[in-house]
Amino acid sequence: MNKCFFILLVLLPFQLFAQKNVLTDFPKGYTPEEVGERLSYRFVDSKHALYVGKWIGYYETFTWSGALEYAAMTKNHKLLKLIRKKFDYLLTEEKQYLPPKTHVDLNTFGSLALKLYRITKDKHYRELGMSYADSQWELPKEATSQEKEWAEKGYTWQTRLWIDDMYMITILQIEAYKVTKEIKYINRAAEEMVLYLDKLQRPNGLFYHALDVPFYWGRGNGWIAAGMSELLQYLPEDHKDRLRIMQGYKKMMESLKIYQNSRNIWNQLIDQDDCWSETSGSAMFAFAFIKGVKNGWLDEKEYAPLARKAWMSLVTYINEQGDVTEICIGTDRKNDKQYYYNRKRCVGDYHGQLAYLWCVNALLE
């Protein structure tokens, strides 16, 4: 008995040490620093991926933002300079690509400008970013009856009740909150999140793509998992909506734990075993796990190994050029199950690049 007790005392600290290092110690080629550098420089050298062929889209905005955050976190001044130069060129020589403030997907551009302001303190970036954040709650003259109805209820006129929105709206208002410290911005994000939780989350914790599309699309669910993770990190502990959002988040994480597949990632349709493994949504789920473990919302012993397995698998889907593979193409909602099975698989699409950079930054945080 004494010998067994002694062995337990000796091994316990090593077990605890190993547990604590699950999300910090990675083999060569799998470290967040290496992956972040590959994907960030890949972005700097890439052409624009324009929304409907006209403007900077949300997918480029978030990839840009992820590379920017990586450069700031690692104090990579060379990379930071290149990223800022690319943004300034957009504001001067490429003004035609600046998104109008007319759609939930386009307004997200403001979050990038606000993040640049927080890093550089250039007031021009703040002014630009806040114009996108505020216009999301300023009803336009040509608003539709449905947009007016949402505004009258206190929500943004850009509300659609598509799960994607719960990152698009949330991240912009969070960035405005971080810059201004005005509670109204975080309140906006929280109230929208509660609305979407109440309308779209199902008893199993997952989300339909939209009210009329009863399928658990991977990346769609990834957007809301990431949105809740970002919001909970900045939502005050005593906020009236925090408990409701935390409940929704934990319920979703419990379900994702069950559906993590044999490759340690998730399928294009989460609950369909015969559907293909998709990387962008999977990286978003890994991001939500990492955030949950690091912030103490999820049990570390249970979720940290799952997050690590997902990350280790995800890295194998990056090719030699620094492009993520097996990414679902941009996807509209459709009440047709086969539609989701048949979606084209892309290489290097920003939907995947951005989600990997989120994981990189969450692991480094």
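Out of these labelled values of mean projected area of the Cα convex hull in nm², [x] 17.5; [y] 20.4; [z] 26.7, which was calculated from the coordinates shown here?
[y]
Can you work out D for region 207-365 in µm² s⁻¹ from Stokes-Einstein, where Rh is the Kirkwood radius over C-alpha pairs, the temperature is 4 °C and the viscosity is 1.567 mPa s? Show your work: numbers first, answer last.
Values: Rh = 15.8 Å.
It comes out at roughly 82 µm²/s.
For every helix of n ≥ 4 consecutive DSSP H residues, a contribution of -39,500 (n - 2.57) applies; sum these over the chain, divide by its total residues, and give [θ] at 222 nm rounded to the nearest 500 deg cm²/dmol.
Values: 16 runs with 222 residues, N = 365.
The per-residue figure over the chain is -19500 deg cm²/dmol.
Give me the percent of accessible area attributable to carbon and sulfur for region 225-271, probe 1.4 angstrom.
On the way: 910 of 1960 Å².
Reported share for carbon and sulfur atoms: 47 percent.
Rounded to the nearest percent, how much of the accessible area of region 171-210 (1.4 Å probe, protein heavy atoms only) is carbon and sulfur?
Values: 570 of 1260 Å².
Result for region 171-210: 45 percent of the exposed heavy-atom area is carbon or sulfur.
How many Å² of accessible area per residue for region 195-254, probe 1.4 Å?
Per-residue accessible area for region 195-254 comes out at 35 Å².
Can you compute the FRET efficiency between LYS123 and LYS54 using 1/(1 + (r/R0)^6), with r the Cβ-Cβ distance and R0 = 35 Å? Round to the nearest 0.05. Please report the intermediate quantities before stating the final value.
On the way: r = 28 Å, r/R0 = 0.80.
So, using R0 = 35 Å, E works out to roughly 0.80.
Using a 1.4 Å probe on the protein chains only, how many percent of the accessible area of region 45-102 belongs to carbon and sulfur?
Numbers: 1630 of 3090 Å².
Solvent-exposed carbon and sulfur of region 45-102 make up 53 percent of the total.
Most fluctuating residue of GLN268, GLN247, GLN158 in a GNM of the chain with Cα springs under 10 Å: which is it?
GLN247
Can you classify region 131-233 as rounded, prolate or oblate using the Cα gyration tensor, where a ≥ b ≥ c are the square roots of its eigenvalues, rounded means a/c under 1.5, and otherwise it's prolate if a/b beats b/c and oblate if not?
Numbers: a/c = 2.18, a/b = 1.25, b/c = 1.74.
Oblate, since a/c reaches 1.5 and b/c is not below a/b.
Using each residue's phi in region 23-31, evaluate 6.51 cos²θ - 1.76 cosθ + 1.60 at θ = phi - 60° and report the 3J(HN,Hα) Karplus result to the nearest Hz, with x for Gly and Pro.
Ordered by residue, 3J(HN,Hα) equals 9, 10, 9, 10, x, 4, x, 10, 6 Hz.
Hey, what D do you get for region 247-288 in µm²/s if you plug the Kirkwood alpha-carbon radius into Stokes-Einstein at 20 °C and 1.002 mPa s?
Diffusion coefficient, whole number: 207 µm²/s.
Applying a 10 Å radius around every beta-carbon, put 352-360, 227-235 in order of their mean neighbour count, most first.
Taking the mean over residues of other Cβ atoms within 10 Å, the ranking is 352-360, 227-235.
Give the accessible surface of region 275-365 per residue, rounded to a whole number of Å², with probe radius 1.4 Å and ligands, DNA and RNA excluded. Working shown, then result.
Working: 3190 Å² over 91 residues.
Result: 35 Å² per residue.
Probe of 1.4 angstrom, ligands and nucleic acids ignored: what's the accessible area per residue over region 32-174, in square angstrom?
Working: 6510 Å² over 143 residues.
Computed with neighbouring chains in place, this is 45 Å² per residue.
The values are calculated or read from the model by the stated rules, or taken from the named source; none is laboratory data. Just so it is clear, the structure is predicted and the values come from calculations on it, not from any experiment. Don't worry about glycine lacking a Cβ; one is built from the backbone with ideal geometry, like all the others, and counts go over all protein chains shown. Ligands, DNA and RNA are stripped out before the accessible areas are found, and what is left, the full protein with its side chains, is counted by its heavy atoms. Shrake-Rupley method; radii C 1.70, N 1.55, O 1.52, S 1.80 Å.
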